[in-house]
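Structure, as structure tokens:
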Amino acid sequence: MQSEALPLFVDTQAAARLLGVSKSFLEKSRFMRDPDAPPHVIFGRSAVRYSTAALLNWAAAREVRHRGRDKARPNEGVTSK
């Protein structure tokens with residue numbers, strides 16, 4: 001999905017597709033009130049929606065970067081007796 005074509009808010013199914021996770025992951029995260037879950041908004045009594053900007057920020061904050069293999073690691077080459 002391209003960010004310029006995204007609506008301001010999406011339902012749970014669309015949020016799951018955008019993030020590449022299951023709908024049940026989002027539902028369980030809401031039910032368990034997981035503080036690390038994507039933020040959501042409730043309109044009225046039961047209309048759960050996700051801000052697309054918040055979803056993209058949530059996903060970007062979870063990016064994992066690994067160190068390069070060419071960098072020396074602590075204790076590399078040290079053998080214990």
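General remarks:
- Among the residues of region 40-71, those identified as of a type outside the set (D, E, K, R), outside any helix (DSSP H, G or I) and closer than 17 Å to Q13 by Cβ are H40, V41, I42, F43, S46, A47, V48, Y50, S51.
- In this structure, L56 does not qualify as touching a residue at least 24 places away in the same chain (Cβ under 8 Å), of a type outside the set (V, I, T) and loosely packed, with under 10 Cβ neighbours inside 10 Å.
- Considering region 1-21, the residues that are surrounded by 11 or more Cβ atoms within 10 Å (Cβ to Cβ) and in a loop (DSSP other than H, G, I, E, B) include one that is modelled with the lowest pLDDT, namely M1.
- Subset of region 26-39 [of a type in the set (A, V, I, L, M, F, W, C) and either outside any helix (DSSP H, G or I) or touching a Pro at 6+ places or on another chain (Cβ under 9 Å) (or both)]: L26, M32, A37
The values are calculated or read from the model by the stated rules, or taken from the named source; none is laboratory data. Since the structure is predicted, the reported quantities are computational estimates derived from the model, not experimental observations. Positions of Cβ are backbone-derived with ideal geometry, glycine not excepted, and every protein chain shown enters the neighbour counts.
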